[in-house]
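Here's the structure we're looking at; comments come further down.
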Amino acid sequence: MFNLETIRQDFPSINKKINGKEVIYFDSACMTLKPRQVIEAMDTYYNQHPACAGRSVHKFGEAVTKKIKESRKNIASFINANEKEIVFTRNATEGLNLLANSLDLCSGDVILTTDKEHNSNLVPWQLLVKRKGIKHKIFRSNSDGTFNLDNFREAVRGVKIVSMVHTSNLDGVTIPAKEIIKIANEQGALVILDAAQSVAHTKIDVRDLNVDFLVFSGHKMLGPTGTGVLYGRYELLEKLAPFMVGGSTVEYTTYDDYRLLPAPEKFEAGLQDYAGIIGLDAAVKYLDNIGFENINEQEKKLNKYATDEITKIPNIKIIGPADSGLRSSIISFYIEGLDMHKIALMLDNSVNVMVRSGRHCVHSWFDDKDIYNSARVSFYFYNTIEEVNIFIDALKKITAIL
Amino acid sequence: MICIISLIVFSLLGLFSATHRALAKEAFDCVSRRFTFRPCNTRFKEKIKSKILVYLMNRSTFLARLANKHFELFSWIFFIFVITSTFYVIKGGYNYYFYGSCNGLNQSGFCAFDPKGENNKITDINQGQCGAVEKKEENVTLSGMDLSIFPAKNIGSKDTVVLIGCYECDYTRKAYADIQKLVRNQKTNYIFAHYPAKEQTNYLSEIGYCVKKEYGERFWSFNDYLFTVDKVEIYEQDYMEKILNNFGFDIARINECVKSPDTVNIVSRQLKEMKKTHLYGTPTVFINGKAFVGPKPYRVYLHELKKFILF
């Protein structure tokens with residue numbers, strides 16, 4: 001049973017007032033709020049057994065080792081993976097950098113990304129273009145931001161790696177990942193999915209998708225900051241050379257040699273963020289408990305209502321498809337000739353509505369389209385229609401004076 | 001422009017509030033970046049602008065729209081106001097410190113540091129009554145006044161202090177102690193002239209003159225006493241006799257001197273000489289010829305001697 005009022009009680013940060021007004025948080029695409037279950041799980045680590053996992057044999061060490069093992073198993077299960085296929089990272093960006101630096105890429109190899117990639121899935125490849133001489137191709141979306149499968153069939157030929165954002169943080173459009181992976185695999189290309197924006201909003205099943213690699217961040221799915229996951233098919237992980245090595249990545253060393261641990265440990269150099277991983281586990285459990293059907297239903301309701309209201313306001317243009325159902329929980333909008341930071345600041349100052357403004361780390365797309373920036377509203381299941389109404393009223397007033 | 005205004009405004013408010021102190025720091029960063037030709041990357045201007053617009057928007061859409069449209073113009077206007085008022089505040093503070101009035105030496109008018117105008121209060125000699133009066137802007141000067149006929153302590157200093165006051169005037173009494181302290185500590189020449197601002201104390205001019213004539217330097221302690229004793233005691237001549245008696249002066253000798261035509265002439269001459277200064281109230285103090293009308297704080301007199309004046 002999806003009881004919004006009860007659910008909202010779990011989020012301490014939306015149950016407070018600033019300057020006598022309630023906080024309205026519409027920036028979940030950047031960072032979701034944290035339920036107290038996640039915060040308490042992390043507290044438990046620090047209060048009960050703040051020790052190292054996997055090396056210390058004392059009681060605290062054993063307790064943490066057990067907890068991290070359980071967390072890895074739960075997180076793997078969350079995306080229908082095997083626990084050996086889960087590499088803990090600091091975030092999706094680190095996962096993508098790990099892949100860019102670990103995959104066996106040589107001069108002339110072709111990487112294909114979309115035209116709406118977050119800098120995290122753009123710059124690592126651009127760096128390899130300069131360092132190794134690989135080729136980086138951009139796959140253009142349709143004019144409304146949707147994915148063109150027919151064009152993709154052509155574009156993927158001769159490509160070694162397809163690395164694409166699953167749900168765009170710019171316009172909320174989700175690409176048809178399953179079909180893309182099938183086509184790419186037929187062409188012999190590996191597929192990396194940046195699921196940072198999708199994993200918290202839709203059920204991800206790596207087996208069903210048959211994806212080769214998938215990355216996501218904890219902070220966008222109710223989890224703590226500084227946590228992330230790289231999923232890789234085990235046979236691929238086994239072949240990958242580690243990007244960072246050191247403590248926890250080796251079985252033993254001599255002065256002349258070393259023997260690496262198997263995946264996933266060989267990729268997890270140094271002491272891990274145990275509290276973060278335990279918090280991420282709690283977040284996964286919380287999401288499972290809420291259920292993605294409920295999450296989707298609430299987000300769609302909010303996005304449709306807000307889209308309908310925003311389109312009534314003169315001069316506002318929404319980035320991406322007109323159909324709110326194709327934009328996940330995101331509405332990215334702009335007004336020609338206006339710095340949207342102004343809108344974001346005024347929303348914050350007037351009614352405590354927190355939205356993101358700027359280029360959302362997709363500078364390349366804004367540069368290409370010659371759009372200065374946008375304001376981005378991103379909902380999550382804890383938002384309400386009443387909050388949307390406050391936002392719309394304020395937006396109408398603000399656009400009337402700017 | 002708004003960064004500079006904010007820096008000034010928030011710096012002042014920051015003296016009393018930590019929140020404004022943080023904003024002042026941000027404004028300072030913004031201003032220093034501007035002055036070093038670097039972009040202001042804190043979005044400070046937008047933050048402040050949005051706060052102002054939201055404030056206006058909640059009251060009047062028209063005003064908010066107007067403010068948004070002409071924000072730079074309003075910023076400039078406000079900047080000029082801020083700079084101008086800051087200049088006047090600094091000037092006022094300077095004037096108050098060095099001259100005892102925000103508006104300049106001997107200038108009346110409202111002064112925030114001296115709201116009651118205590119440092120400019122005088123006994124108006126034209127009305128012949130004690131009390132606060134409006135400032136008059138005559139050019140009070142010592143030139144043309146013969147100082148040799150007044151009681152003087154000439155110790156050969158390069159500095160000379162002249163006090164024209166009335167025994168009965170509260171404001172002269174207020175200034176008197178500071179003048180004595182100044183003369184004593186700075187070792188200046190000193191000339192005292194009694195201007196009877198109230199008719200009933202006219203006779204004290206003759207008595208003062210005669211005490212000086214008959215008893216020489218003992219006059220100064222007698223003079224000090226007249227400025228410190230309860231005013232009631234100097235209104236009546238009967239009381240005065242007691243005072244003279246207490247000082248050990250020969251009353252008959254003093255009375256004889258007072259009645260002498262020479263005394264009447266010289267006191268009358270003293271009065272004429274004092275009027276040549278165009279003074280309009282007591283106390284009027286001249287320090288090396290510069291007039292200070294009203295009881296100024298001690299530091300004002302002192303700084304005139306020390307010459308620590310900027311403008």
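Answer yes or no: is there a residue in the stretch B:236-247 that is out of contact with any Pro (no Cβ under 8 Å at 6 or more places or on another chain), within 30 Å of B:THR141 (Cβ to Cβ) and of a type in the set (Lys, Arg).
Checked the stretch B:236-247: no residue is out of contact with any Pro (no Cβ under 8 Å at 6 or more places or on another chain), within 30 Å of B:THR141 (Cβ to Cβ) and of a type in the set (Lys, Arg).
Report yes if B:SER143 is touching a residue at least 12 places away in the same chain (Cβ under 8 Å) and surrounded by fewer than 18 Cβ atoms within 10 Å (Cβ to Cβ), otherwise no.
Criteria met by B:SER143.
Any residue at all in the stretch B:159-171 that is small (Gly, Ala, Ser) and without any contact (Cβ under 8 Å) to a residue 40 or more places away in the chain?
no
I'd like to check something: does the stretch A:105-113 contain any residue that is under 21 Å from A:GLN272 (Cβ atoms) and assigned by TED's automatic domain parsing to the domain that holds A:ASP171?
no
Considering only the stretch B:51-65, I want to know if a residue exists there that is in contact with a helix residue (DSSP H, G or I) (Cβ under 8 Å, 6 or more places away or on another chain), closer than 30 Å to B:PRO297 by Cβ and surrounded by 13 or more Cβ atoms within 10 Å (Cβ to Cβ).
No; the residues of the stretch B:51-65 include none that is in contact with a helix residue (DSSP H, G or I) (Cβ under 8 Å, 6 or more places away or on another chain), closer than 30 Å to B:PRO297 by Cβ and surrounded by 13 or more Cβ atoms within 10 Å (Cβ to Cβ).
Under 9 Å between Cβ atoms, at least 6 apart or on separate chains: pull out the pairs that start in the stretch A:128-139 with a residue that is under 17 Å from A:SER364 (Cβ atoms) and assigned by TED's automatic domain parsing to the domain that holds A:SER163 and end on any residue that is basic (Lys, Arg) and part of a strand (DSSP E or B).
Every condition considered, the pairs that remain are A:VAL129/A:LYS135.
Give the residue that is surrounded by the fewest Cβ atoms within 10 Å (Cβ to Cβ), with candidates limited to residues of the stretch A:148-167 that are assigned to a loop (DSSP other than H, G, I, E, B) and in contact with a strand residue (DSSP E or B) (Cβ under 8 Å, 6 or more places away or on another chain).
The extreme case among them is A:GLY158.
Checking the structure you have, find out if any residue of the stretch A:178-186 is at pLDDT 95 or above, surrounded by 15 or more Cβ atoms within 10 Å (Cβ to Cβ) and part of a loop (DSSP other than H, G, I, E, B).
no
Which residues, taken from the stretch A:269-284, are surrounded by fewer than 17 Cβ atoms within 10 Å (Cβ to Cβ) and in contact (Cβ under 8 Å) with a residue 60 or more places away in the chain?
Within the stretch A:269-284, A:LEU271 is the sole residue that qualifies.
Checking the structure you have, find out if any residue of the stretch B:274-283 is free of Cβ contacts under 8 Å to residues at least 12 places away in the same chain, part of a helix (DSSP H, G or I), on the phi < 0 side of the Ramachandran plot and assigned by TED's automatic domain parsing to the domain that holds B:VAL162.
Yes, because at least one residue in the stretch B:274-283 is free of Cβ contacts under 8 Å to residues at least 12 places away in the same chain, part of a helix (DSSP H, G or I), on the phi < 0 side of the Ramachandran plot and assigned by TED's automatic domain parsing to the domain that holds B:VAL162.
Of the residues B:ILE149, B:ILE155, B:ILE125, which single one is at pLDDT below 90 and within 19 Å of B:THR282 (Cβ to Cβ)?
B:ILE125
Could you tell me whether A:CYS30 is touching a residue at least 12 places away in the same chain (Cβ under 8 Å), in the same structural domain as A:VAL191 (by TED's automatic domain parsing) and assigned to a loop (DSSP other than H, G, I, E, B)?
no
If the requirement is being crowded, with 19+ Cβ neighbours inside 10 Å and not aliphatic (A, V, I, L, M), which of these qualifies: A:ASP323, A:ASP348, A:ASP368, A:ASP339? Show your work before the answer.
Numbers: A:ASP323 fails: crowded, with 19+ Cβ neighbours inside 10 Å; A:ASP368 fails: crowded, with 19+ Cβ neighbours inside 10 Å; A:ASP339 fails: crowded, with 19+ Cβ neighbours inside 10 Å.
After ruling out the rest, the residue left standing is A:ASP348.
Got at least one residue in the stretch A:338-346 being in a loop (DSSP other than H, G, I, E, B), out of contact with any Lys or Arg (no Cβ under 9 Å at 6 or more places or on another chain) and within 14 Å of another protein chain (Cβ to nearest Cβ)?
There is at least one residue in the stretch A:338-346 that is in a loop (DSSP other than H, G, I, E, B), out of contact with any Lys or Arg (no Cβ under 9 Å at 6 or more places or on another chain) and within 14 Å of another protein chain (Cβ to nearest Cβ).
Based on this model, can you work out whether A:ALA400 counts as within 14 Å of chain B (Cβ to nearest Cβ), farther than 29 Å from A:ILE175 by Cα and outside any strand (DSSP E or B)?
yes
So which residues in the stretch B:20-76 are free of Cβ contacts under 8 Å to residues at least 24 places away in the same chain, away from every other protein chain (no Cβ under 14 Å) and β-branched (Val, Ile, Thr)?
Within the stretch B:20-76, B:THR36 is the sole residue that qualifies.
Taking helices (runs of 4 or more DSSP H) that fall entirely within the stretch B:1-69, which contain at least 2 residues that are over 38 Å from the mean Cα position of the chain (by Cα) and within 24 Å of A:GLY358 (Cα to Cα)? First the steps, then the outcome.
On the way: elements: B:2-14, B:18-35, B:44-57, B:61-69.
Passing ranges, in order: B:18-35, B:44-57, B:61-69.
Condition first: under 28 Å from A:LYS397 (Cβ atoms) and surrounded by 15 or more Cβ atoms within 10 Å (Cβ to Cβ). Now tell me which residues in the stretch B:14-41 satisfy that.
Listed by number, the residues that qualify are B:HIS20, B:LEU23, B:GLU26, B:ALA27, B:CYS30, B:CYS40.
Starting from the stretch A:348-359, keep only residues that are more than 16 Å from A:PHE379 (Cα to Cα) and away from chain B (no Cβ under 13 Å), then list their pairs with residues that are surrounded by 21 or more Cβ atoms within 10 Å (Cβ to Cβ) and modelled with pLDDT of 95 or more whose Cβ atoms are within a distance under 9 Å, requiring at least 6 positions of separation or different chains.
These pairs meet every condition: A:ARG359/A:LEU170; A:ARG359/A:TRP365; A:ARG359/A:SER374.
Looking at (1) closer than 24 Å to A:GLY54 by Cα; (2) more than 14 Å from the chain's Cα centre (by Cα); (3) buried (at least 22 other Cβ atoms within 10 Å of the Cβ), which is the one condition that is false for A:SER77?
Tallying (1) closer than 24 Å to A:GLY54 by Cα; (2) more than 14 Å from the chain's Cα centre (by Cα); (3) buried (at least 22 other Cβ atoms within 10 Å of the Cβ), A:SER77 fails exactly one: (3).
The values are calculated or read from the model by the stated rules, or taken from the named source; none is laboratory data. Note that the coordinates shown come from a computational prediction; the quantities given were computed from them, not determined experimentally. Heads up, the Cβs are rebuilt from the backbone with ideal geometry, glycines too, and the neighbour counts pull from every protein chain shown.
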